[in-house]
Amino acid sequence: MDSKQLFNHISISSIKGELPESISHITMDSREIVPGSLFVCIKGYTVDGHDFAEQAVKQGAAVILSEKPLNLEGAAVVTVPDTSRALGILAARFYGHPSKRLNMIGVTGTNGKTSVAGMLHAMLMELGKTSALTGTIGFNLNGELHPSANTTSDALTTQQMICRALEAGSSHMTMEVSSHGLVLGRLAGVEFDTAIFTNLTHDHLDFHGTMEEYGHAKGLLFSQLGQDLTQNKRAVLNVDDEWSEKFAAMTPFPVYTYGLENDAMFRATDIRLEAKGTSFTLQCPSGDFPIQMKLLGHFNVYNALAAIAALVAEGHPIERVIAALEAISPVEGRMQMAEIDAPVSVFIDYAHTPDAIEKAIAAVEDFKTGRLIFLVGTGGNRDKTKRPIMAEKASVADYVVLTTDDPRYESYDSILTDLAAGMQHEQYACIGDREEAVRHAVQQAEAGDIIILAGKGHEDYQIIENTKYPHSDKEIAENEAQRKFGS
Ligand SMILES: CC(=O)N[C@H]1[C@@H](OP(=O)(O)OP(=O)(O)OC[C@H]2O[C@@H](n3ccc(=O)[nH]c3=O)[C@H](O)[C@@H]2O)O[C@H](CO)[C@@H](O)[C@@H]1O[C@H](C)C(=O)N[C@@H](C)C(=O)N[C@H](CCC(=O)O)C(=O)O
Ligand SMILES: Nc1ncnc2c1ncn2[C@@H]1O[C@H](COP(=O)(O)OP(=O)(O)OP(=O)(O)O)[C@@H](O)[C@H]1O
Ligand SMILES: N[C@H](CCC[C@H](N)C(=O)O)C(=O)O
Ligand SMILES: [Mg+2]
């Protein structure tokens, strides 16, 4: 691409050296340089990309994008205040602004992003659309899943994924938008048509510091809708969460509200929670509609309302949207009943925040007849303040197994001590090794009991130090149940 055209849309502090005629490739990784590349230096948490600039030039980089002046021979150095954000804008231009050419839906919030995004993706397919999906589970393009390191990928990968979705003929792309992604500029250059908010509760305070900062980070998605009212965009907000009022004020576009407790455009009443699904009455501007869906739990009623509101707001007929919701299956690893040949019910879930734990436990309360055994852990080297609160919420279960969920470089003891401090009763065990912990949870169960294995969801690994070891809560539970209950 013509390099002058590429650079004339970002705010540049200085240019040292001659810009080449054209740029053949953009990368933020010195190991991926090809001759003619633009190398973007990103100051990371592990290393500083600026330290690889010299090596990048040796490998053929034609331009270096930097946050500080660099003395380099053989390549032009363009200095900008924030390379991560500039990368998003440049990549969007390089790939021809793909997000403007398909229908982009962004979902943010503490809990429910993967669920709402996954539901929307599946519902769009039911509605005859071609949808791509990106988030915690990976990048799903035409049913093929490409793993990703982050819920919201870096700015370059993000633009590349949108471009691939466009080239594959997708009409829609649903994207999970994390607060890290928003703050670190990973979404720069993405033009969203619909921005959805699920909720804001305690998580990630190691990164954001306070709930106030965390909330402001989420708000960036709504301000990112822009101010151009000739465009057809919208926000979808949960009125039962007080942050929605602030987010509504951050955008001039129409706001579609949903919720249970407050006045909302999309409401649910007569909710019945069962082991195999949930029914409720939808009250919305087009009338009242009975709904029977396969997803479990009160929290999924919220997620369903968000998905319905977004699709109706986009112009899909309500009857077809409801039929689509009723047809879809639970999102992988989100309150998903494991098909286990044993007289106990095992649910695989991804709850790893205090609020999600409360909601996951509430999801089974209406059909619980025996005991509830709840297993939960936390990650190492992340928000420690949430640990005792998670255990406090887990205490509602009859028996709790406290364990680890990606301990990284932290000791089992340190994680378990923080968790145990929040327990409200004595019916619990602390077992750092997650495999042993899952086996213990199953051993405790008697016929008729419910077991919720929280935190791993779709994941098939456990991170210890910086290595991912294969791990499947479901497989371990299946084998242990076979040992305990098998004939
Ligand atoms: C703390 C954090 O966000 N880290 C992200 C960051 O890694 P990092 O800062 O360690 O990167 P780095 O290794 O220091 O590299 C810095 C730069 O040097 C470059 N480099 C590096 C080595 C080399 O030889 N040459 C070179 O050019 C790298 O390509 C990079 O551009 O950049 C990586 C690439 O984009 C991310 O994968 C990584 O996310 C890690 C895995 C992570 O765990 N992030 C979490 C905190 C996160 O972002 N979570 C959110 C929310 C999750 C949720 O709630 O669902 C998410 O969106 O995932
Ligand atoms: N709307 C909701 N409100 C509260 N809890 C929810 C909601 N939706 C899902 N949960 C709970 O949170 C867990 C994680 O859900 P999900 O993966 O959809 O959230 P997420 O926002 O994508 O999380 P992450 O930040 O890890 O990507 C679920 O397994 C469930 O226990
Ligand atoms: N997707 C989330 C969940 C990770 C939960 C747990 N495994 C942890 O490490 O804290 C994240 O990246 O923050
Ligand atoms: Mg997610």
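Bear in mind these aren't lab numbers, they're just calculated from the coordinates by the rules spelled out. For clarity, every value in this text was computed on a predicted model and none was experimentally measured. Virtual Cβ from ideal backbone geometry, glycine too; neighbours counted across all protein chains shown.
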Exercise. Dipole magnitude of region 3-83 about its Cα centre, charges +1 at Lys/Arg Cβ and -1 at Asp/Glu Cβ only, in debye to the nearest 20?
Worked result: 80
Exercise. What is the packing order of peptides 471-479, 353-361, taking the mean over residues of other C-beta atoms within 10 Å and listing the highest first?
Worked result: 353-361, 471-479
Exercise. Hey, what did region 3-83 get for relative contact order, percent, Cα under 8 Å, at least 6 apart?
Worked result: 31
Seminar exercise, completed: Here the percent of antiparallel bridges among DSSP beta bridges lying wholly in the chain, to the nearest 5, is 40
Problem set entry | Nearest-0.05 FRET efficiency for D240 and E213, computed from C-beta distance (R0 22 Å) | 0.50
Problem set entry | Between region 155-197 and region 208-274, the Cα center-to-center distance that results, in Å | 18
Problem set entry | Long-range lysine pairs (8 or more apart or interchain), region 98-327, Cα under 15 Å | 4
Exercise. Which angle from 0 to 90°, rounded to the nearest 10, does the C-alpha axis of helix 83-94 make with the longest principal axis of the chain?
Worked result: 80
Problem set entry | Ascending count of other beta-carbon atoms within 10 Å, so fewest first, for V301, V40 | V301, V40
For this session: Fewest Cβ neighbours within 10 Å first, please rank C163, C41 accordingly.
Result: C163, C41
Seminar exercise, completed: Going from the fewest other Cβ atoms within 10 Å to the most, one would list T201, T158 as T201, T158
Seminar exercise, completed: Any aspartates and glutamates whose Cα falls less than 16 Å from that of K16, other than same-chain ones fewer than 8 residues away, would be E54, E67, E73
For this session: Please tell me the relative contact order of the chain in percent, rounded to the nearest whole number, where contacts are Cα pairs under 8 Å and at least six residues apart.
Result: 10
Problem set entry | Inter-part distance where region 66-93 and region 396-451 are each reduced to a Cα centre, Å | 48
For this session: For Q427 paired with H97, estimate the spin-label separation in nm (one decimal), with each label point 7 Å from Cα along the Cα-to-Cβ line.
Result: 6.0
Problem set entry | Degrees, to the nearest 10: 113-126 long Cα axis against longest axis of the chain | 90
For this session: Sort 270-278, 164-172 for me by packing, meaning the mean count of neighbouring Cβ atoms within 10 Å per residue, highest on top.
Result: 164-172, 270-278
Exercise. To the nearest 10 degrees, how steeply does helix 318-327 sit against the main Cα axis of the chain, on a 0 to 90 scale?
Worked result: 70
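R0 = 30 Å: FRET efficiency of K276 with H180, Cβ-based, nearest 0.05?
The computed FRET efficiency comes out at 0.25.
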Problem set entry | Point-to-point label distance, S24-Q292, nm (Cα→Cβ direction, 7 Å offset) | 6.1
Exercise. For region 336-485, what is the relative contact order in percent, using Cα pairs closer than 8 Å and at least 6 residues apart in sequence?
Worked result: 32
Exercise. N479 to N142: FRET efficiency via 1/(1 + (r/R0)^6), r the Cβ-Cβ distance, R0 30 Å, to the nearest 0.05?
Worked result: 0.30
For this session: Please state the charge dipole magnitude for region 1-149, taken about the Cα centre, from unit charges on C-beta atoms (+1 on K and R, -1 on D and E), reported in debye and rounded to the nearest 20.
Result: 440
Exercise. Using a cut-off of 17 Å between alpha-carbon atoms, which lysines can reach K393, once sequence neighbours fewer than 8 places away in the same chain are excluded?
Worked result: K359, K384
Problem set entry | Cβ-based charge dipole, region 72-140, positive-most Cα from P81, A117, L127 | L127
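Rounded to the nearest 5, what % of DSSP beta bridges with both residues in region 3-83 are antiparallel?
30
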Exercise. Under unit Cβ charges (Lys, Arg +1; Asp, Glu -1), what dipole magnitude, rounded to 20 debye, does the chain have relative to its Cα centre?
Worked result: 1020
Exercise. Put +1 on the Cβ of each Lys and Arg and -1 on the Cβ of each Asp and Glu in region 130-245; which of L184, L156, H216 then has its Cα farthest toward the positive end of the dipole?
Worked result: L156
Exercise. Of F289, L273, H316, which is farthest on the positive side of the dipole of region 228-326, counting Cα position, with +1 on Lys and Arg Cβ, -1 on Asp and Glu Cβ, and the Cα centre as origin?
Worked result: H316
